[in-house]
Structures are given as C-alpha cells and as structure tokens.
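**Student:** Sharing a structure with you now.
The values are calculated or read from the model by the stated rules, or taken from the named source; none is laboratory data. Small disclaimer: the values here were computed from a predicted structure and weren't measured. Glycine gets a Cβ as well: all are built from the backbone with ideal geometry, and neighbour counts include every protein chain shown.
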Amino acid sequence: MRPLGGIFFGHLGDKWGRKNALSLSVLLVVIPTLIMGVLPTYETIGILAPITLILCRLMQGFCVGGEFTGAAIFVNEHAEKNNAGFLGGMIGGASFVGSVIATFIGFLLTLPQLPSWAWRGAFIIGAVVGLVGFYIRFTAKESPDFLKLQEKNEVSTHPLWDTLVNYKLLSLSVVFIGGAVFMPVYLSFIYPTVILTKDLHFSPSHIFLINTYILSLWSLLFPLMGYFADKIGKQKMMSGAAIGFVLCAMPVFMLYSTYDWTYILVGQTILTIIGTAYAAPSLSFLPEIFPVRVRYSGLSFSYSVGASLFGGFTPLIAHVLVEWTRSPLSPALYLISGGIVAWVSLYCISLSVKGALSEDRLLATY
C-alpha cells in the first residue's frame, strides 16, 4: 500500500501544499488505529473481525506512503543548508522514538499478569496522539519552497507523470536507495526476532525488551549520523555506509548463526550503526535531488516502491535464502547485494544531476 499512498499524498503535496498532505496523512491514520483498538473479536462478529483488521492495516500502510518522505521534504524545505542533515536525522530519530515507546508498551502489555484485552489501550492512545500530531501540522507554516512555486505559478499539473517522463534515472535510483535504507532496519530488528522466537524460544515480553534496546539505538544514532553528514557530506557518507553493508554482512550473520543471544545482540548493534550512517543522510539528501515542482511525488513514489519491494520483503527473502541454501549465512548475500546496488545508484545520481545540485538546493530549472 505504500506506493499507492506515495502516489496519492505525493500528488496532493505537489499540487496543494506539503502541509495539507502531511495533515491529511496523519488524520487518516487515526481512523484505522482507533478502529483496531475497539474492534470486536472473531467470536463476536465472525469473519468481519479479521477482514476489518486487514483493511485497517492497509489504510495505515497507505498513509505511511506519503508520511515519512513528506516529513523529510517539509523539514528540508524549511532548513538551512548547514544543518539539513541533522534535522533530517531528527526526523528518523523521532520516528524510532515512537517505535521505542510502542515496543516498550508491547512489552508491558504482554506480561502474563495483565488482562488479555490490555493491548487495545495502545491503539486508543495512539489515535489520540495522532490527533495531537494533526493539530501541530495543521497550524504549521507552509514550506517556503512551495510558496515560491505558487507565486511563480509553476505548480505541476501532473507531478508523478512529469517525474516518470523527465526524471527516470533519478526515480529508479531512489527506488534502490530507499530499499537499501530498510534492509538493515529489518535485518537488525525483525529477522533476529525469528531466531530468538523459533530457535531460542524467547518469550514475547523478552523479545519486546531486546527490540526496545535496538530501536532506542536507532533513534539515538539517527541525529548523530545526520550531524556528521553535514560535516562530511551526505552523499559521501551514504556511499561509505553502502560499502559498510558489504563489509559487515558476513560477520553480522556469523554472529547471528551462533544462536547465542549476546552475540546476536552484538550483530544487531553493528548493523544498526552502519544502517543509521546510511539512512540518516538520506532524509536530507534525497529531497534535494528532485526539482521543487515534482519533489513530493517523485520522492514519495520512488522511495515507497523501494521500501515495499526491497525492505518489506527482506525477512521473507532472508528466510527463503536459508531454506534454499541450508546456510544461516546466506541472507548476508542479500545485504551485500543491497549495498552494491545502493552505491551504484548513488553514483548514478551524481551522473544524473550533472552538477545541477548547488550548495543549497537542486536548481528548479533542472
């Protein structure tokens, strides 16, 4: 659903404003979240319960399609050139703070002494928090870049079509770069959970506790890596981290294959450090490579396609590789491939912009 959301909210953001798209995305995610919190069980309404639950999850994924990239664009267009990386890192860090809180609540709500319906409280609270987010966004000032575009009467009529026709290489590069952002996220967070559950028989509450540590590390490192990206250079840092994927992949999966939770935790930590070094600069670098008039559509669609295809399927691909090869080290090949493709894509972007990327923004005439 993320690419569909990217198309919808991208079009809205490029035609009617970044603030309007972001406000609507968070408002629409409140509805399915609240429904999930009060949804009757299968015993009460039968097959309608799982159908409604799936529809709510689809709606949430649809809204996320224009959410993460939209926030990056909105902040980037407000930011000064010397701290855009740090502010982009703050966006990623803030999103993981939400994940940390949710995961820790999950730990509390899976404790055996709590009633079976306790999980509903998390979704109801989440809906209330979403309404607060809507108010904050609705009262924020519109992006200066978009306001200038409106003043010049240069708003694109069909921004996604404009992107796919005129910026094919950029869009394709962002698909692979966006996919590589999510590979280490899933391989440091979701994939080890399978090992802890299936092979080490950890309880849900213990797994939630470990995941709280990993997500906390992601949230703390994101702003730090964004700060370093401002000093080193965003594209240079991402290229170095992409090479880091290649170099660390086999050692990390060797640690995973020990089936010792302490070594697994070390592997998760290593992958988190390199993953944030790659992901944090992307939130300020990628919005700069598209012209203002197609920025929201171009980035949201391309990034969401990459996140869905190469990120969302990462745990499944890792599992299939292990089944085919009978080797716990085989998923390292997927991470290595992701690092190589990400590096090549970053190089292609350098060729594509052909020097049009100024010290401030990509020239709108490109």
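**Student:** Scan segment 208-223 and report the pairs whose first residue is of a type in the set (Phe, Trp, Tyr) and whose second residue is surrounded by fewer than 21 Cβ atoms within 10 Å (Cβ to Cβ) and not in a helix (DSSP H, G or I), with Cβ atoms within less than 8 Å and a gap of 6+ or a chain change.
**Tutor:** Phe208/Thr110
**Student:** Can you give me the number of residues within segment 313-322 that are part of a helix (DSSP H, G or I), without any contact (Cβ under 8 Å) to a residue 40 or more places away in the chain and farther than 15 Å from Ser257 by Cβ? Reasoning before the result, please.
**Tutor:** So in segment 313-322, the residues part of a helix (DSSP H, G or I) come out as 314-322.
Now restrict to residues that are without any contact (Cβ under 8 Å) to a residue 40 or more places away in the chain: 316-317, 320-322.
Subsequent filtering for residues that are farther than 15 Å from Ser257 by Cβ retains 316-317, 320.
Result for segment 313-322: 3.
**Student:** Considering each residue of segment 203-216, count those that are aliphatic (A, V, I, L, M) and surrounded by fewer than 22 Cβ atoms within 10 Å (Cβ to Cβ), and give that number.
**Tutor:** 3
**Student:** Another question, if that's okay. Which of the residues belonging to segment 2-18 are in a helix (DSSP H, G or I), over 18 Å from the mean Cα position of the chain (by Cα) and not charged (D, E, K, R)?
**Tutor:** Once the filter is applied, which keeps residues that are in a helix (DSSP H, G or I), over 18 Å from the mean Cα position of the chain (by Cα) and not charged (D, E, K, R), segment 2-18 yields His11, Leu12, Gly13, Trp16.
**Student:** Here's something else I'd like to know. Give me the residue from segment 191-202 that is in contact (Cβ under 8 Å) with a residue 40 or more places away in the chain and over 22 Å from Val341 (Cα atoms) and, out of that set, surrounded by the fewest Cβ atoms within 10 Å (Cβ to Cβ).
**Tutor:** Filtering first and then ranking leaves Asp199.
**Student:** Further, regarding this structure: Considering every residue within segment 36-52, establish whether at least one is surrounded by 16 or more Cβ atoms within 10 Å (Cβ to Cβ), under 19 Å from the mean Cα position of the chain (by Cα), in contact (Cβ under 8 Å) with a residue 40 or more places away in the chain and in a helix (DSSP H, G or I).
**Tutor:** Within segment 36-52 (the criterion being surrounded by 16 or more Cβ atoms within 10 Å (Cβ to Cβ), under 19 Å from the mean Cα position of the chain (by Cα), in contact (Cβ under 8 Å) with a residue 40 or more places away in the chain and in a helix (DSSP H, G or I)), the answer is no, since none of the residues qualifies.
**Student:** Given the residues Gly66, Gly85, which is the only one that is under 30 Å from Leu224 (Cβ atoms) and not in a helix (DSSP H, G or I)?
**Tutor:** Among Gly66, Gly85, only Gly66 is under 30 Å from Leu224 (Cβ atoms) and not in a helix (DSSP H, G or I).
**Student:** What residue, among those in segment 130-183 that are surrounded by 13 or more Cβ atoms within 10 Å (Cβ to Cβ) and β-branched (Val, Ile, Thr), is modelled with the lowest pLDDT?
**Tutor:** Step by step, filter segment 130-183, then rank; the result is Val155.
**Student:** Go through segment 107-162 residue by residue and tally those that are part of a loop (DSSP other than H, G, I, E, B) and touching a Gly at 6+ places or on another chain (Cβ under 7 Å). Step through it out loud before you land on a result.
**Tutor:** Within segment 107-162, the subset part of a loop (DSSP other than H, G, I, E, B) is 110-119, 139-143, 152-158.
Okay, now just the ones that are also touching a Gly at 6+ places or on another chain (Cβ under 7 Å), so 142.
Adding up the residues that qualify gives 1.
**Student:** Quick one: in segment 86-129, of everything that is modelled with pLDDT under 85 and among the aromatic types (Phe, Trp, Tyr), which residue is farthest from Pro204 (Cα to Cα)?
**Tutor:** Only one residue fits best here, namely Trp117.
**Student:** Something else: Taking segment 70-116 as the search range and keeping residues that are of a type in the set (S, T, N, Q) and in contact with a Pro (Cβ under 8 Å, 6 or more places away or on another chain), which one is surrounded by the fewest Cβ atoms within 10 Å (Cβ to Cβ)?
**Tutor:** Thr110
**Student:** On the given criteria, is Val266 assigned to a helix (DSSP H, G or I), among the aliphatic types (A, V, I, L, M) and surrounded by 24 or more Cβ atoms within 10 Å (Cβ to Cβ)?
**Tutor:** No, not satisfied.
**Student:** Which residues, counting only those in segment 237-263, are part of a helix (DSSP H, G or I) and within 30 Å of Ser203 (Cβ to Cβ)? Walk me through how you get there before you give the answer.
**Tutor:** Narrowing segment 237-263 to residues part of a helix (DSSP H, G or I): 237-256, 261-263.
Within segment 237-263, Cys248, Ala249, Pro251, Val252, Phe253, Met254, Leu255, Tyr256, Trp261, Thr262, Tyr263 qualify.
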